[in-house]
Amino acid sequence: MNLSAFSLEGKVALITGGSRGIGAATAAAFAGAGADVVVTSRKQGDLEAVAKAVEKHGRRSMAVATHVGRMDQIHDLVEKVQAAFGRIDILVNNAGTSIASMAIDLEEKAWDSLMNTNLKGAFFLSQAVARIMKETGGGTIINVSSVNGYSPVSPTCTYAISKAALIMVTKALAKEWADFDIRVNAIAPGAVETRLLNAIWHGKSEAEAKQIKDQLSQSIPLKRIGDPAEIANAMLFLASDASSYMTGQTIVVDGGSLL
């Protein structure tokens, strides 16, 4: 097997939601494979440690605070990355949020806030980056969906709707942008050790939180919650030439939970 197919040498990657969890793990994986990495999330301070970790791999890095649900900030982000690096070869749309609310109680403001981050931001950032990729010979876009995009869980149905829509965004953009040599794929993680997952037992006692976490682990065929690095490994596959004949696909990485 030619492992050089997994190399990202000479590539520039932009990762949203890059300050922790899956985003931070993906930044480390990409840097280890040779890429320069730009990370973005809402808080500049949280990003700095990730950028420094990238630089320890001998790669260039930049941290840019951005709210991807706001169009003006999306365009500012892309302009800064292009000015600093001259290109964007890989985009990971990892930024996401969730709301614990029953559909019958959901307010319009909460719907808009979630969709702006999870769906609108991913679409329009992809659009802005694709315009650069089109001029520089192509690239790879990876959207982070969720197993909830296939199977909703109450009371986070709105999150599930946004993640299901992101799977269709992946297919639609892959079909439209194939002529520009832009591949668009997605990953649908299951339960992974992240702050978003830990919100499930927020406010519970330590004993209650452990019980909920143990029950969740036992419901997964592999009997455990995933690690962000395991998602990052799948990201590396989709970002690299190892997946050069794949586009429009969503890889489920869930320990078998959808089974």
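Which of the residues spanning the range 129-179 are among the polar types (S, T, N, Q), within 15 Å of the chain's Cα centre (by Cα) and under 24 Å from His75 (Cα atoms)?
Narrowing the range 129-179 to residues among the polar types (S, T, N, Q): 136, 140, 143, 145-146, 148, 151, 154, 156, 158, 162, 170.
Restricting the remaining residues to those that are within 15 Å of the chain's Cα centre (by Cα) gives 140, 143, 145-146, 148, 162, 170.
Once the filter is applied, which keeps residues that are among the polar types (S, T, N, Q), within 15 Å of the chain's Cα centre (by Cα) and under 24 Å from His75 (Cα atoms), the range 129-179 yields Thr140, Asn143, Ser145, Ser162, Thr170.
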Hey, His75 open to solvent by 50 Å² or more (accessible area, probe 1.4 Å), in a loop (DSSP other than H, G, I, E, B) and either free of Cβ contacts under 8 Å to residues at least 60 places away in the same chain or touching a Pro at 6+ places or on another chain (Cβ under 6 Å) (or both) or not: no
Unmet criterion (only one of (1) modelled with pLDDT of 95 or more; (2) among the polar types (S, T, N, Q); (3) more than 16 Å from the chain's Cα centre (by Cα)) for Ser4: (1)
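Take Thr156 and decide whether it is at pLDDT below 95, more than 24 Å from Ala234 (Cα to Cα) and either crowded, with 21+ Cβ neighbours inside 10 Å or not small (Gly, Ala, Ser) (or both). Lay out the reasoning, then the answer.
Numbers: at pLDDT below 95: yes; more than 24 Å from Ala234 (Cα to Cα): yes; either crowded, with 21+ Cβ neighbours inside 10 Å or not small (Gly, Ala, Ser) (or both): yes.
Yes: the conditions hold for Thr156.
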The range 54-66: number of residues that are over 18 Å from Ser7 (Cβ atoms), part of a loop (DSSP other than H, G, I, E, B) and free of Cβ contacts under 8 Å to residues at least 40 places away in the same chain: 1
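Inside the range 222-253, can you point out the residues that are on the phi > 0 side of the Ramachandran plot and either under 12 Å from the mean Cα position of the chain (by Cα) or free of Cβ contacts under 8 Å to residues at least 40 places away in the same chain (or both)?
If the condition is that a residue be on the phi > 0 side of the Ramachandran plot and either under 12 Å from the mean Cα position of the chain (by Cα) or free of Cβ contacts under 8 Å to residues at least 40 places away in the same chain (or both), then Lys223 is the only one that fits.
Look through the range 18-53, keep the residues that are of a type outside the set (Gly, Ala, Ser), assigned to a helix (DSSP H, G or I) and under 21 Å from Glu193 (Cβ atoms), and return whichever of them is most open to solvent (accessible area, probe 1.4 Å). Don't jump to the end; show me each part of the working.
Going through the range 18-53, the residues of a type outside the set (Gly, Ala, Ser) turn out to be 20, 22, 26, 30, 36-40, 42-44, 46-48, 50, 52.
Filter once more, so that each one left must be assigned to a helix (DSSP H, G or I): 22, 26, 30, 44, 46-48, 50, 52.
Those left that are additionally under 21 Å from Glu193 (Cβ atoms): 22, 26, 30, 46-47, 50.
Values: Ile22: 20, Thr26: 1, Phe30: 0, Asp46: 70, Leu47: 0, Val50: 15 Å².
Among those residues, the one meeting the criterion is Asp46.
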Residue among Arg183, Arg131 that alone is farther than 25 Å from Ala229 by Cα and of a type in the set (Lys, Arg): Arg131
Residues within the range 107-147 that are outside any helix (DSSP H, G or I), out of contact with any Leu (no Cβ under 9 Å at 6 or more places or on another chain) and in contact (Cβ under 8 Å) with a residue 24 or more places away in the chain, tallied: 2
Conditions (1) polar (S, T, N, Q); (2) modelled with pLDDT under 95; (3) open to solvent by less than 40 Å² (accessible area, probe 1.4 Å); number of the one not met by Ser98: (3)
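Evaluate the range 79-93: report whether one residue or more is within 27 Å of Tyr159 (Cα to Cα) and not in a strand (DSSP E or B). Reasoning before the result, please.
Taking the range 79-93 as the starting set, the residues that turn out to be within 27 Å of Tyr159 (Cα to Cα) are 90-93.
Still in the list and also not in a strand (DSSP E or B): none.
No; the residues of the range 79-93 include none that is within 27 Å of Tyr159 (Cα to Cα) and not in a strand (DSSP E or B).
Going by the conditions given, is Val144 β-branched (Val, Ile, Thr) and either touching a strand residue (DSSP E or B) at 6+ places or on another chain (Cβ under 7 Å) or within 18 Å of His67 (Cα to Cα) (or both)? Please lay out each step first, then the result.
Numbers: β-branched (Val, Ile, Thr): yes; either touching a strand residue (DSSP E or B) at 6+ places or on another chain (Cβ under 7 Å) or within 18 Å of His67 (Cα to Cα) (or both): yes.
So Val144 fits the description; yes.
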Verdict on Ile22 being touching a Pro at 6+ places or on another chain (Cβ under 8 Å) and either under 20 Å from Lys134 (Cβ atoms) or modelled with pLDDT of 95 or more (or both): yes
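Can Phe180 be described as modelled with pLDDT of 95 or more and under 22 Å from Leu8 (Cα atoms)? Step through it out loud before you land on a result.
Working: modelled with pLDDT of 95 or more: yes; under 22 Å from Leu8 (Cα atoms): yes.
Answer is yes for this residue.
The values are calculated or read from the model by the stated rules, or taken from the named source; none is laboratory data. Keep in mind that what you see is a predicted model, and the values were worked out from it rather than measured. We place every Cβ from the backbone using ideal geometry, glycine too, and count neighbours over all the protein chains shown. Heads up: the accessible areas ignore ligands, DNA and RNA and are worked out on the full protein's heavy atoms, side chains in. Shrake-Rupley method; radii C 1.70, N 1.55, O 1.52, S 1.80 Å.
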